[in-house]
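Since the structure comes first, as C-alpha cells, the remarks are kept for the end.
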Amino acid sequence: MPQSFPKIKIIAVGKVKKPWIKDGIALYAKRLPEVEIIEIKDSGKEKEADKLESLITAQDRLAVMAEYGKMRDSVAFAQWLGSEAFGTLVLFIGGPEGVSDRLKTHPMISLSAMTFPHEIARLMLVEQLYRAKTILQKGSYHK
C-alpha cells in the first residue's frame, strides 16, 4: 500500500543562476506539487537563521541540510519522509558559511559526504524528494 508523502517547504540561501540547474529543478518541481521552494538572500549565518525562523510556524518541522548531517540511502530517506507525512516539513539549505549554531539542534541531513555547490545540492535534493515519493507510492522510477 502506498505511503503518504509530506508537504515540504525547501528554504534555500541564494538564487540558482545556471540555466541547466534551473531546468532540472523545474522538471522535478512540476512532479512534486507538495514541494514549495523559497529562496532567501545570502546574508551571513545569523541573518539567514533569523529569516528562516520568520518563514516557519510552530507547527512546521525543520531539518537542516548539512554535509555533516545524517546520511541515508534513498530508501531510508523515503521511509524517513513517510514518517514525517503530517503537517509541513521544512528543509533548509544554508549559505556558503554554513548554518547558525542555533539551527544545529534540529535534525541534520546530508546528501553526501562530498561537498557540492549549493545550486547542485538543491537539484540533488529535489531529485531525491521525487525518488522518495515514487518509492513511497510504489512507482517505477527508483529501479
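Here are some residues: Lys17, Lys9. Which one is touching a residue at least 60 places away in the same chain (Cβ under 8 Å) and in a loop (DSSP other than H, G, I, E, B)? Working first, answer last.
Working: Lys9 fails: in a loop (DSSP other than H, G, I, E, B).
Matching residue, one of Lys17, Lys9: Lys17.
Could you tell me whether the range 20-32 includes any residue that is in a loop (DSSP other than H, G, I, E, B) and among the basic types (Lys, Arg)? Spell out the reasoning first.
As a first pass, look at the range 20-32 and keep what is in a loop (DSSP other than H, G, I, E, B): 32.
Next, only the ones that are among the basic types (Lys, Arg) stay: none.
So far as the range 20-32 goes, no, none of its residues is in a loop (DSSP other than H, G, I, E, B) and among the basic types (Lys, Arg).
Of all residues in the range 99-113, how many are part of a loop (DSSP other than H, G, I, E, B) and either touching a helix residue (DSSP H, G or I) at 6+ places or on another chain (Cβ under 7 Å) or in contact (Cβ under 8 Å) with a residue 12 or more places away in the chain (or both)? If you could, list the steps in order and put the result at the bottom.
Just the residues of the range 99-113 that are part of a loop (DSSP other than H, G, I, E, B), to begin with: 99-100, 104-107, 111-113.
Going one step further and asking which of them are either touching a helix residue (DSSP H, G or I) at 6+ places or on another chain (Cβ under 7 Å) or in contact (Cβ under 8 Å) with a residue 12 or more places away in the chain (or both), we end up with 99-100, 104, 106-107, 111-113.
Total meeting the criteria: 8.
Among the residues of the range 98-118, which ones are of a type outside the set (S, T, N, Q) and out of contact with any strand residue (DSSP E or B) (no Cβ under 9 Å at 6 or more places or on another chain)? Break it down stepwise before answering.
The first filter runs over the range 98-118 and keeps only residues of a type outside the set (S, T, N, Q), leaving 98-99, 101-104, 106-109, 111, 113-114, 116-118.
Residues satisfying the conditions are Asp101, Arg102, Pro117.
Which residues, taken from the range 46-83, are acidic (Asp, Glu) and over 13 Å from Leu129 (Cα atoms)? Break it down into steps so the answer makes sense when it comes.
In the first step, residues of the range 46-83 are kept if they are acidic (Asp, Glu); the result is 46, 48, 50, 53, 60, 67, 73.
Residues satisfying the conditions are Glu46, Glu48, Asp50, Glu53, Asp60, Glu67.
Within the range 21-65, can you find the residues that are acidic (Asp, Glu) and under 14 Å from the mean Cα position of the chain (by Cα)? Walk me through how you get there before you give the answer.
Of all residues in the range 21-65, those acidic (Asp, Glu) come to 23, 34, 36, 39, 42, 46, 48, 50, 53, 60.
Once the filter is applied, which keeps residues that are acidic (Asp, Glu) and under 14 Å from the mean Cα position of the chain (by Cα), the range 21-65 yields Glu34, Glu36, Glu39, Asp60.
What do you reckon, is Ile38 surrounded by fewer than 16 Cβ atoms within 10 Å (Cβ to Cβ), within 26 Å of Ser83 (Cα to Cα) and either modelled with pLDDT of 95 or more or basic (Lys, Arg) (or both)?
On the way: surrounded by fewer than 16 Cβ atoms within 10 Å (Cβ to Cβ): yes; within 26 Å of Ser83 (Cα to Cα): yes; either modelled with pLDDT of 95 or more or basic (Lys, Arg) (or both): yes.
The answer is yes for Ile38.
What single numbered condition from (1) surrounded by 15 or more Cβ atoms within 10 Å (Cβ to Cβ); (2) among the β-branched types (Val, Ile, Thr); (3) without any contact (Cβ under 8 Å) to a residue 40 or more places away in the chain fails to hold for Thr57?
All conditions are met except number (1).
The values are calculated or read from the model by the stated rules, or taken from the named source; none is laboratory data. Quick caveat: nothing in here was measured; it's all calculated off a predicted structure. Reconstructed Cβ throughout: ideal geometry from the backbone, glycine too, with neighbour counts over all protein chains shown.
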